[in-house]
Amino acid sequence: MRIDFILSNFGGDGAQRVVCSLANYFAEKGNIVRIITYRDGDKYRLNENVERIRLHKKLPLFDTNLTRAAVHLFRFYWKKKNRPDVISSHINTMGLVSIPISLLYNIKLVVSEHNNYLAAKMSAKQWFLWNVLYKFPQAVTILTRFDKTYFEKKNKNVRIMPNPLSFEPKRNVAVRDNKTIVAAGNLDRYHHKGFDNLIEIAAKVVQKHSDWKFMIIGSGDQGLAFLKQKAESLGVSNSMIFAGYRSDVQDIMQTSEIFMLSSRFEGLPMVLLEAASQGIACISYDCISGPSEIIEDGVSGILVEDQNKDEMVQQTLALIADENLRKKLGTNAVNYVEKFSCDKIGLKWQQLFDEILKT
């Protein structure tokens, strides 16, 4: 099978990590796999058999992300030898390009949503994509049950495809004693990820436990400046570690003691899946959507009422005070997320591709 994964860039966010995991899975199974992008950014390690197609050349006029993608992909697929059996299109409005191109060249297409439908700003482009174009792909994938009813009105073949684990599950980590609470995400999306509120939570936690630190992993110059200023205004600069982009996130999660998800909204948070797979005690807002599909409250992690900062502080203090509880939650988390293994999710994708290629 020849599979093209199409997305705007291959940067360091969760959706790109999902594409990396799926591309590697299908390459290891002997398929011909390509990842096509239109902007710079290569943060993840790919199987040597995955081909990277970088259609990054700027256009002389009207060089927006979508126009660049449309022009370059049209030209690329003009040659019949370049056309795949199936396109897997990722990240929001990239469907505005991939759907018309797939129709033009008669290529099977699966379009994937990476957030819940309430998170999208209903621009004219978004409305047109969902209400006009989404009836044409052979399938639309969503992350959780929350979105199923909504998208079934847009496409006749909607499938729940959870994010696959990109980390090998880690059990029985010998030592977790660095007194660090870790979070991760794009700093420029600090409102989405709730990092502004996380700093307020940190300020109240370190009042009682000044020896503990909060680490935020992720890049973003504008967000970093804002968050550093907020930390300084709350007097917690010395308790905040802004680690930037890190390629050793897995190692950090194996040595830190608590992982916190402070997001205002999510799809199926990749970073929470990754944290749970490394046996770290996880605490998360029960936001729309995703955390409740990963965490069983009180068993494999702690779910806090959505955006209730006071409760988040109290539950975090309880975790800090109870090492045995942290160990129990971390151990259970590894077992709970086995259903998201790359083999299990990859098989679901294989079955979907096989099905649509028969139509």
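The values are calculated or read from the model by the stated rules, or taken from the named source; none is laboratory data. The structure displayed is predicted, hence computed values, not measured ones. Positions of Cβ are backbone-derived with ideal geometry, glycine not excepted, and every protein chain shown enters the neighbour counts.
Quick notes on this one:
- Condition check for Ser237: within 19 Å of Gly14 (Cα to Cα) and at pLDDT 95 or above: no
- Checking each residue of segment 317-325 against the condition of being surrounded by 18 or more Cβ atoms within 10 Å (Cβ to Cβ), closer than 27 Å to Arg176 by Cα and out of contact with any Lys or Arg (no Cβ under 9 Å at 6 or more places or on another chain) gives no match.
- Filtered residues of segment 330-359 (kept if of a type in the set (A, V, I, L, M, F, W, C) and touching a strand residue (DSSP E or B) at 6+ places or on another chain (Cβ under 9 Å)): Ala333, Trp349, Leu352, Phe353, Ile356, Leu357
- Within segment 135-150, tally of residues that are buried (at least 19 other Cβ atoms within 10 Å of the Cβ), closer than 18 Å to Leu109 by Cβ and in contact with a helix residue (DSSP H, G or I) (Cβ under 7 Å, 6 or more places away or on another chain): 5
- All positions within segment 156-175 that are more than 20 Å from the chain's Cα centre (by Cα) and buried (at least 20 other Cβ atoms within 10 Å of the Cβ): none
- Options Ile216, Ile241, Ile252; residue that is among the β-branched types (Val, Ile, Thr) and either surrounded by fewer than 20 Cβ atoms within 10 Å (Cβ to Cβ) or assigned to a loop (DSSP other than H, G, I, E, B) (or both): Ile241
- For segment 142-156, a tally of residues being of a type in the set (S, T, N, Q), without any contact (Cβ under 8 Å) to a residue 60 or more places away in the chain and either touching an Asp or Glu at 6+ places or on another chain (Cβ under 6 Å) or not in a helix (DSSP H, G or I) (or both) returns 1.
- Yes/no for Asp297 being free of Cβ contacts under 8 Å to residues at least 60 places away in the same chain, closer than 19 Å to Thr144 by Cα and of a type in the set (D, E, K, R): yes
- In segment 326-359, the qualifying residues are those that are over 20 Å from Glu293 (Cβ atoms) and not charged (D, E, K, R), and the one that is surrounded by the most Cβ atoms within 10 Å (Cβ to Cβ) is Phe353.
- Positions within segment 25-57 being touching a helix residue (DSSP H, G or I) at 6+ places or on another chain (Cβ under 8 Å) and in a helix (DSSP H, G or I), in sequence order: Tyr25, Phe26
- Any chance Gly12 is buried (at least 20 other Cβ atoms within 10 Å of the Cβ), of a type outside the set (A, V, I, L, M, F, W, C) and in a loop (DSSP other than H, G, I, E, B): yes
- Qualifying position, being over 23 Å from Glu266 (Cβ atoms) and either in a helix (DSSP H, G or I) or of a type in the set (Asp, Glu) (or both), among Gln351, Gln315: Gln351
- Test: residue in segment 217-224 that is of a type in the set (Val, Ile, Thr) and touching a residue at least 40 places away in the same chain (Cβ under 8 Å): no
- Residue that is surrounded by the fewest Cβ atoms within 10 Å (Cβ to Cβ) [pool: residues in segment 186-213 that are part of a loop (DSSP other than H, G, I, E, B) and at pLDDT 95 or above]: Asp211
- If the condition is being closer than 20 Å to Tyr77 by Cβ and either small (Gly, Ala, Ser) or crowded, with 16+ Cβ neighbours inside 10 Å (or both), then segment 40-53 contributes Val50, Ile53.
- Note on segment 119-141: residues that are without any contact (Cβ under 8 Å) to a residue 60 or more places away in the chain and outside any helix (DSSP H, G or I) amount to 8.
- Ser277 being hydroxyl-bearing (Ser, Thr, Tyr) and buried (at least 21 other Cβ atoms within 10 Å of the Cβ): yes
- Members of segment 59-93 that are under 19 Å from Leu133 (Cα atoms), assigned to a helix (DSSP H, G or I) and among the polar types (S, T, N, Q): Asn65, Thr67, Asn92, Thr93
- Verdict on Phe128 being in contact with a strand residue (DSSP E or B) (Cβ under 6 Å, 6 or more places away or on another chain) and surrounded by 12 or more Cβ atoms within 10 Å (Cβ to Cβ): no
- Filtering Glu232, Glu293 for residues that are part of a helix (DSSP H, G or I), in contact with a helix residue (DSSP H, G or I) (Cβ under 9 Å, 6 or more places away or on another chain) and in the same structural domain as Leu325 (by TED's automatic domain parsing) leaves a single hit, Glu293.
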